[in-house]
1. Using the basic label-point model (7 angstrom from Cα toward the beta carbon), what is the residue 59 to residue 391 distance in nanometres?
2. Just how much of residue 11 is accessible, in Å², when a 1.4 Å probe is used and the result is rounded to the nearest 10?
3. Over the range 263-348, calculate the relative contact order: mean separation of alpha carbon pairs under 8 Å at least 6 apart, over the residue count, as a percent.
4. Of the listed pairs 25/440; 21/51; 16/402, which have alpha-carbon separations greater than 20 Å here?
5. Round to the nearest 0.05 the FRET efficiency obtained for residue 36 and residue 156 when R0 = 35 Å and r is the Cβ-Cβ distance.
6. Could you give the dipole magnitude of the range 43-99 about its Cα centre, charging the beta-carbon of Lys and Arg +1 and that of Asp and Glu -1, in debye to the nearest 20?
7. Please identify every one of the GluC sites (Glu not before Pro) in the range 153-257 that sits in a loop by DSSP and has no more than 11 other beta carbons within 10 Å of its own beta carbon.
8. Are there trypsin sites (Lys or Arg not before Pro) in the range 46-78 that DSSP puts in a loop and that have at most 12 other Cβ atoms within 10 Å, and which ones?
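The values are calculated or read from the model by the stated rules, or taken from the named source; none is laboratory data. The shown structure was predicted, so the numbers you read here are calculated from the model rather than taken from an experiment. Positions of Cβ are generated from backbone atoms using ideal geometry, with glycine treated the same way; all protein chains shown enter the neighbour counts. With ligands, DNA and RNA removed, areas are computed over all heavy atoms of the protein, side chains included. Shrake-Rupley method; radii C 1.70, N 1.55, O 1.52, S 1.80 Å.
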Amino acid sequence: MKRMINNISLCEPLYKTLPKKVLIKNGTVIDPFSEKEYESDILISNGKIEKIAKNIKAEKGCEEIDAKGLFVSPGFFDMHVHLREPGYEQAENFVSGTNAAMAGGVTALAAMANTTPCVDNKFVYNDIKSRVKGLLVDVHQIPAVTIRREGKTIVEMTELVEAGAPAFSDDGSGIRSSETMKGALEYAKMFGTPILVHPEDHTFAEGVMNESLSSTELGMSYIPAIAESINVARDIEIARYVDGTVHFQHVSVKESIELVRKAKKEGLKVTCEVTPHHFSLTDDMVRTFSTDYKMNPPLRTQEDVDAVHKALKDGTIDAIATDHAPHPSEKKNVEFDFAPFGVLGLETMFSAGITYLVRKKKLSLMEFLKKITVNPRKILNLEADMIKKGKTAELVIFDKDKKWKVDRRKLNSLSINTCFHDDTHYGKVLYTINNGKIFKA
């Protein structure tokens, strides 16, 4: 059964065709690529930026958007998303997932390969490319590193890169074999392509929450910090050995962060990301026994959260990505031990950053936006200089001070498993523009 909001099916695109001429008036343009902030109008013609200047006069038939008191920025990029199609469409599909993305200001995303069938060959890859063509949101499919994500046989990277793959990832599964990881980094090095690593040693990771005082008091099985950091340490050493490019997904513990910091100081080709829930929540939330706080890696301690904030500020953590992982209610509404890992993120990435980072002065607005616009695109070798004449208008208009309450029942995803339900957030996306299409909140 299709979930509905205001009698609109969540399997129907929410965008409209952008008028031939659109003039964004009186906005504050904030461009993380050039690190400039300035007052300007932006004229969009046939979906492309025609002019950026003050006091542009509207032509006859030109539609105006009054952005006075608002910010105009490049569209956000979420480099870690599970769209669940093909194979698990009851949780999410390309339309519902991109509806959620555009509502959150995300104009482009990287979709993970843990689908059924797995995206481990050019035939599945090209099928997905054909399905997502023409949407407002650009879907960059990331193929698996190994066949069926089993960590054994490396995929045919050459044909997948030729088909358009910007990176490879066995996300959801850590690559157990060091030899396989070495081979994957060597193969990907031929194309200058990163390997996106799910850093987890599964022999340590049989629990349901972080190892801490909370897990002891609750009597729950735990996932220790070393389950992550030992894999980070190994893959940094392999990247050093082969001069490969590795990106660590959803880092969550201070030990991993320090390893990445040291690797960067040595000049290794290492980057990493963090999720909104890992920079805003701690494992104390598990005391509620709500499965909306069950994710992998698990919520960690306040000490880890503090380390994340420091690493975001000093650049050790390059990007913010959601690990958007929808699950139907019937899967999540069970005992904590039996619920699947994962929470939604696309519609709350921006507001969580404003609420927990910018307003708390952990990052400036420019620093935060850089981690959800420029940096993820650079990691994936995609164009990051977006606000300039002649470029496709891929823009977001937002009110950074608008207060709103997160309500799982009003989200655009097919699933409702958000860890921010009923929280008050600041920062609201009002318009999302891309590919000649527009979404208005």
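1. Roughly 2.2 nm, to one decimal.
2. 40 Å²
3. Reported as a whole number, the value is 35 percent.
4. Result: 16/402 exceed 20 Å.
5. Efficiency computed from Cβ-Cβ geometry: 0.25.
6. With only Lys, Arg, Asp and Glu charged at Cβ, the dipole is about 420 debye.
7. Answer in residue order: 206.
8. 54, 57, 60, 68
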